[in-house]
Structures are given as C-alpha cells and as structure tokens.
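The values are calculated or read from the model by the stated rules, or taken from the named source; none is laboratory data. The structure presented is a predicted model; accordingly, all values stated were derived computationally and were not measured. All Cβ positions, glycine included, derive from the backbone under ideal geometry; neighbour counts span all protein chains shown. Surface accessibility is based on the protein's heavy atoms, side chains included, excluding ligands, DNA and RNA. Shrake-Rupley method; radii C 1.70, N 1.55, O 1.52, S 1.80 Å.
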Amino acid sequence: NIPNAINTNLFKPQKKEEARTKCMLPQNKKLILFGSVKITDKRKGVEYLIESCKMLAEKHPEWKDSLGVVVFGNQSQQLQEQLPFHVYPLPYIKNEHEVVNIYNAVDLFAIPSLEENLPNMIMEAMACGVPPVSFACPCGPRDIITDDKNGLLVDNGDIEGLAEKICYLIENEDIRQKMGQQAHTDVQRFK
C-alpha cells in the first residue's frame, strides 16, 4: 500500500479552542466529525452514524446538550432532522486551511463507510491528532488504523459497536488524547 501524501506541515495538531473559534463551533461541547464529498452517499454509511447516535442519545440522554455532530460535505444540512444531537452543518470545503481548522475543532472522527480505499480524510484527521472510529472495511481504514492504539475499528455494519466505540472515546478524554497523539505520530511515517 502506498498512501496518499499528506502535508504534515499543514495537517497537524493545533489549539482546539482557537480552531473552534475560527469554525464558529461551541467551546463547551464534545464534537464528533462526519464528512464526505456527498453526505448522502450510501457507501459512506451515514445511516449507520444516525442509528449509532440514536443509541447514544437513548443511553445518555444527558448528552443532548453536551454533544454535537459536525458534518461537512454537500447536503450536510439534511442531517439536522435525523440526528438526536445538535448538528453543525458545513458545506464541502476545498480550502485546506479551513479543513485543518475543522479537524482540530473536533474530538473524534466517525467513519462508518462500508467501502473505502485509503481515504484522505482519515489521514488528515489523524495528522491533526484526531482519533478515528471506523468500520474495518476490507481495505483502507484498517491499513492505517491500529485498533486501540491510534483509533478504533468496528466490524462492518455493527451499529451497536460503532456507538460503543464513540461512547468510549467521548467518556475517556485521556485515552482520546493518547490515541490522537499516536495517530499524529503514525501519519508522520507516511510523509
């Protein structure tokens, strides 16, 4: 496997508070990121994210006001009525500096794709120190994500497992930070 090159001089950890200010996102919430060129593309697994978030809301109703989902990509606003948490819809963004701010503003990156090669978004998020929670597609995510080291992998289509892994990272800031640091370090190998 030869991963796409990521500019790790640009895609790197920055101060979360500053990134959230630049993106006009709240400082006092845990934020999950989901993104795709086209949010409604079935291969990207948005329906799995929706169902997992519903499970999280049922298990943790107290998170209704403290957890949000940042969605960036075409048709992102369509998720506002489908998720039980506040949605922060952003359009598809091409400006890399803005994308870096988005990654640095969130706490984790959810990738419930059923089909992937090695997506740039995983590499970019990891380079910014954001741990991914991903389905273990036959190729792609599991080529870079080492489960429980630099991110978390879930069996393809396992909605409950996706919810549990997201919950695990939301509840454990120290583990989230450690995985994020390892993610950043691991992406440096691919420069």
Practice task
Of the numbered conditions (1) more than 24 Å from Thr21 (Cα to Cα); (2) in contact (Cβ under 8 Å) with a residue 60 or more places away in the chain; (3) in contact with a strand residue (DSSP E or B) (Cβ under 7 Å, 6 or more places away or on another chain), Ala125 fails exactly one; give the number of that condition.
Solution key: (1)
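Looking at the stretch 112-125, which of the residues that are open to solvent by 10 Å² or more (accessible area, probe 1.4 Å) and closer than 21 Å to Ile170 by Cα is nearest to the chain's Cα centre (by Cα)?
Taking the stretch 112-125 and keeping what is open to solvent by 10 Å² or more (accessible area, probe 1.4 Å), we get 114-121, 124.
Now restrict to residues that are closer than 21 Å to Ile170 by Cα: 121, 124.
Working: Met121: 9, Glu124: 10 Å.
The extreme case among them is Met121.
Identify, from the list Gln27, Gln80, Gln14, the residue that is surrounded by 14 or more Cβ atoms within 10 Å (Cβ to Cβ) and either more than 15 Å from the chain's Cα centre (by Cα) or at pLDDT below 95 (or both).
On the way: Gln27 fails: surrounded by 14 or more Cβ atoms within 10 Å (Cβ to Cβ); Gln80 fails: surrounded by 14 or more Cβ atoms within 10 Å (Cβ to Cβ).
The match here is Gln14.
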Handout entry: Top-ranked residue in the stretch 57-73 [being more than 22 Å from Ser36 (Cα to Cα), of a type outside the set (Lys, Arg) and out of contact with any Pro (no Cβ under 6 Å at 6 or more places or on another chain); ranked as most open to solvent (accessible area, probe 1.4 Å)]
Key = Glu58
Completion exercise
Here the residues within the stretch 135-189 that are modelled with pLDDT of 95 or more, open to solvent by less than 60 Å² (accessible area, probe 1.4 Å) and in contact with a Gly (Cβ under 7 Å, 6 or more places away or on another chain) are Val154, Met179, Gly180, Ala183, His184
Practice task
Kindly provide the set of residues from the stretch 154-169 that are in contact (Cβ under 8 Å) with a residue 12 or more places away in the chain, under 17 Å from Glu51 (Cα atoms) and not hydroxyl-bearing (Ser, Thr, Tyr), ordered by number.
Solution key: Val154, Asp155, Asn156, Gly157, Asp158, Ile159, Glu160, Leu162, Ala163, Lys165, Ile166, Cys167
Problem - Qualifying positions in the stretch 35-53 - modelled with pLDDT under 95 and buried (at least 21 other Cβ atoms within 10 Å of the Cβ) - result: Gly35, Ser36, Ile39, Lys44, Gly45, Val46
